[in-house]
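The values are calculated or read from the model by the stated rules, or taken from the named source; none is laboratory data. Because the structure is a prediction, the values reported are computed rather than measured. Cβ coordinates were reconstructed from backbone atoms using ideal geometry, including for glycine residues, and neighbour counts include every protein chain displayed. To get the accessible areas, we keep the full protein, side chains included, count just its heavy atoms, and leave off ligands, DNA and RNA. Shrake-Rupley method; radii C 1.70, N 1.55, O 1.52, S 1.80 Å.
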Amino acid sequence: MESSEEEDDFPTHEWITPQSSITAIHQSDTEKGVRKICTELLDLKDAVENLCGNMQSKYLAFLRLSEEVIEIEQEIIELQKHVSAQGILVQDLMSGVCRELEVWHKCNSEAVSTEENIQASKADFSSTSESEDIKINFLETMDVFLAEHKVEEALLAFDAEEKRCAELNDSGENSSDEISAYKADFLKRKGMLVDQLVEISEQSSVSNGELNKALSGLVKLGKGSLGHQLLLKAYGSRLQKKIEAFLPLCSIYLETYSATLSQIVFSTISLAKKESVLIFGDAPSYTNRIVQWAECEIEAFIHIVKENAPPSETASALRSASICLQASLSHCSFLESQGLKFSKLLMVLFRPYLEEVLDMNIRRAKKRVLDLARDDDTMFFSSETGSPLSAAASSNIMLNSTGKKFMCIVEDILEQLTPLAVSHFGGTILHKLLQLFDKYVETLIKALPPSEDDTPIEHKEIIHFRAETDAQQLALLGTAFTVADELLPMAVSRTFTVQADNNEGSSGSSESIGSFALSTIEFKDWRRHLQHSLDKLRDHFCLQYILTFIYSREGNARLDARMYLEGKEDDLFWESDPLPSLPFQALFGRLQQLASVAGDVLLGKEKIQKILLSRLTETVVMWISNEQEFWDVFEDKSVQLERFGLQQLILDMHFIVEIAVCGGYPSRNVQQIVSAIITRAIGTFSSKGVDPQSALPEDEWFLDAAKAAINKLLLGTSGSEASEADEHIIIHDDISDSDETLSSPSTVHSVDSFASANMGETESPVYFTDPET
């Protein structure tokens with residue numbers, strides 16, 4: 001009403017539709033739509049209800065049909081039985097009719113036969129009744145035996161009844177419906193006896209005799225497979241109890257507990273195999289079950305050994321693992337006589353653990369090698385300075401003690417290994433010993449003065465001792481050489497010889513003994529690797545020794561090629577007693593001095609003396625050959641080369657060769673490098689206008705001159721040359737820490753020049769410089 005009044009207040013137009021009209025139109029449309037939807041929903045509801053009713057009725061009809069089908073099936077079965085019975089009756093009727101016809105045709109004979117048949121039928125009836133009585137008596141007797149648990153009597157009764165009654169021995173091809181009631185009762189009581197035997201076998205307190213009787217009874221009852229499973233189960237349970245009883249003792253017997261566990265496990269496996277063969281025979285199926293069960297037990301045994309082992313880095317762990325391997329492989333060898341082979345399986349399971357223990361022990365040994373310097377620190381800096389000999393002897397004792405301690409570390413590892421452990425892990429052991437010796441060599445290298453090639457990181461490492469003097473360094477080298485050439489190979493050879501002897505005296509197949517034999521070739525190859533490690537120490541010593549000779553503290557090279565540019569203008573050929581250059585005279589003195597010290601420190605080790613001196617001369621010529629700065633002086637275009645320089649350089653090279661020859665340590669490498677240096681020098685000088693044909697005398701002249709120079713320097717007859725060398729040599733003490741520390745036990749006093757050095761007079765290391773350079 002209010003809206004209509006409002007509409008009356010405003011003027012109307014033809015082209016404007018009133019609001020009331022719009023509302024009325026829409027309300028009528030919405031109402032119609034809602035009513036239509038409600039109608040459709042009601043129809044849908046009725047349809048759903050009808051559908052549900054139809055489904056329920058059909059489902060009930062389906063159930064009724066199913067029940068009728070089941071009833072029909074039962075009727076069909078009954079009908080089949082009825083037909084079968086009728087068929088039997090028909091057959092009996094036919095046979096009866098035939099007999100009646102025969103009787104009717106034969107008259108008297110028929111009467112006689114009829115009378116006999118009547119008597120036979122009476123006998124059959126009586127025997128049938130007697131058989132039924134026997135069966136009833138047997139079943140009653142079996143019930144009594146089973147109730148009283150008389151297993152043995154029941155087994156005998158079952159066996160006798162099966163032999164008497166043929167229907168009990170059927171193969172079972174007939175269906176279960178055709179089995180007689182007696183046979184069903186017989187099988188039922190037989191199953192009850194089997195259950196009693198199984199119950200006896202599963203008792204934890206059953207004795208071996210009772211267990212064997214029960215399992216034998218199962219075999220007689222045709223349950224051999226079940227009996228074998230019970231056998232393995234019983235022995236597995238016994239083994240578990242034995243191990244659990246022994247485990248608390250593992251912490252007491254750290255080294256031998258594994259051997260005891262091995263004895264428990266493998267003896268149980270052996271006993272189970274024997275009982276299996278005794279009760280069940282040696283059939284392959286039973287043997288396979290034994291093998292599978294034993295493999296699981298061996299795997300569990302290895303796991304228990306690992307869990308109860310000492311820490312892997314200790315010697316006890318290595319000894320325990322070696323003893324375990326020795327004992328287990330011995331037991332495996334014994335089991336092979338019973339047809340059981342577990343050696344390969346044992347090695348597959350045990351190899352990772354033993355290798356881990358061996359690796360951890362080697363790591364511990366490496367740490368002990370690093371501690372050698374720390375332990376011997378006080379011995380090295382001995383206060384015994386009463387004489388040069390006592391000082392050298394004290395350092396020699398110190399360095400020898402490091403070798404002895406290193407060998408004690410090695411022996412500590414080898415002593416833990418048993419023969420079969422060495423046999424199977426020989427290659428790994430040799431490789432680990434090489435690693436240990438490498439670490440020992442690294443420790444000794446750090447004890448030497450650092451060379452020019454050492455990195456700054458190495459210089460920052462804490463060095464607990466330094467071999468400063470020549471005697472100390474040579475004693476260090478001699479110790480390493482003795483270890484690598486004598487002591488370590490001797491220890492390894494002795495260990496492997498013992499294992500070879502033990503293997504020859506033991507019994508068993510080759511598979512169970514071991515697969516590693518140290519042949520001569522392998523041993524030589526291993527020693528060759530030792531020599532390579534020793535060469536690192538020797539090369540480091542030679543390099544730092546020569547570099548301290550060649551370079552000054554400031555890093556300037558004393559062996560400078562410019563000395564071949566500034567010399568006499570006359571040919572060297574015309575001099576009466578030509579001498580090598582001053583640096584090479586000094587080198588000769590240093591080598592003579594070192595040889596004298598080596599003769600005292602390395603007494604009896606002429607081999608290493610010659611190797612060191614030879615390597616030193618080789619290091620010198622290699623430096624000359626490879627040092628490009630040395631050759632840059634000759635190749636400089638602004639430099640004028642003279643024939644005197646070429647003659648002096650070639651004389652110096654021949655002089656180095658003669659030093660080695662006269663010292664008794666000639667080297668083919670030195671000769672080859674010297675020849676290469678001479679060839680390069682001739683080529684370089686030729687390119688600068690020096691004619692080698694006219695400038696150089698014969699090779700014999702250089703050889704004779706070099707020999708004469710050596711004799712002259714040894715005899716000390718070159719007074720003028722010695723005084724001239726004094727002018728060009730400045731003495732430094734940058735090798736020794738003080739003037740009181742001498743590098744040679746045979747030193748009496750020092751001299752000013754290496755040009756006058758000889759076998760009787762040696763001096764502390766001195767260095768030369770050229771004042772004009």
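GLN499 passes every criterion in (1) surrounded by 22 or more Cβ atoms within 10 Å (Cβ to Cβ); (2) at pLDDT 80 or above apart from (2). Of SER276, SER330, SER312, all but one fail to be crowded, with 16+ Cβ neighbours inside 10 Å and not in a helix (DSSP H, G or I); the exception is SER312.
Would you point out the residue of the range 333-355, among those that are open to solvent by 60 Å² or more (accessible area, probe 1.4 Å) and part of a helix (DSSP H, G or I), that is modelled with the lowest pLDDT?
Looking at residues that are open to solvent by 60 Å² or more (accessible area, probe 1.4 Å) and part of a helix (DSSP H, G or I), I get SER337.
Restricting attention to the range 725-745, does a residue exist that is at pLDDT below 90, part of a loop (DSSP other than H, G, I, E, B) and closer than 15 Å to PHE588 by Cβ? The answer is yes; a qualifying residue exists. Does GLU244 qualify as being among the acidic types (Asp, Glu) and in contact (Cβ under 8 Å) with a residue 24 or more places away in the chain? Against the criterion (among the acidic types (Asp, Glu) and in contact (Cβ under 8 Å) with a residue 24 or more places away in the chain), GLU244 does not qualify. Contact map, the range 199-214: residues that are within 16 Å of GLY236 (Cβ to Cβ) paired with residues that are assigned to a helix (DSSP H, G or I) and of a type outside the set (Gly, Ala, Ser), Cβ distance under 7 Å, separation 6+ or inter-chain. Pairs shown: SER201/LEU211; SER201/LEU215; SER201/LEU230; GLU202/LEU230; VAL206/ILE200.
Checking each residue in the range 247-273 for being in contact (Cβ under 8 Å) with a residue 60 or more places away in the chain and in a loop (DSSP other than H, G, I, E, B) picks out LEU254, GLU255, THR256.
Just to be sure, is GLU173 part of a loop (DSSP other than H, G, I, E, B), modelled with pLDDT under 75 and more than 29 Å from LYS213 (Cβ to Cβ)? When the stated conditions are applied, GLU173 passes them. Put simply, of ILE656, ILE611 the only residue that is in contact with a helix residue (DSSP H, G or I) (Cβ under 9 Å, 6 or more places away or on another chain), touching a residue at least 12 places away in the same chain (Cβ under 8 Å) and surrounded by 20 or more Cβ atoms within 10 Å (Cβ to Cβ) is ILE656.
Report the residue count in the range 188-219 for those that are outside any helix (DSSP H, G or I) and open to solvent by 30 Å² or more (accessible area, probe 1.4 Å). Matching residues across the range 188-219 total 5.
For the range 616-643, a tally of residues being farther than 17 Å from ALA557 by Cβ and either in contact with a Cys (Cβ under 9 Å, 6 or more places away or on another chain) or open to solvent by less than 20 Å² (accessible area, probe 1.4 Å) (or both) returns 4. Candidates in the range 240-266 are the residues that are polar (S, T, N, Q) and open to solvent by 80 Å² or more (accessible area, probe 1.4 Å); of these, the one that is farthest from the chain's Cα centre (by Cα) is GLN240.
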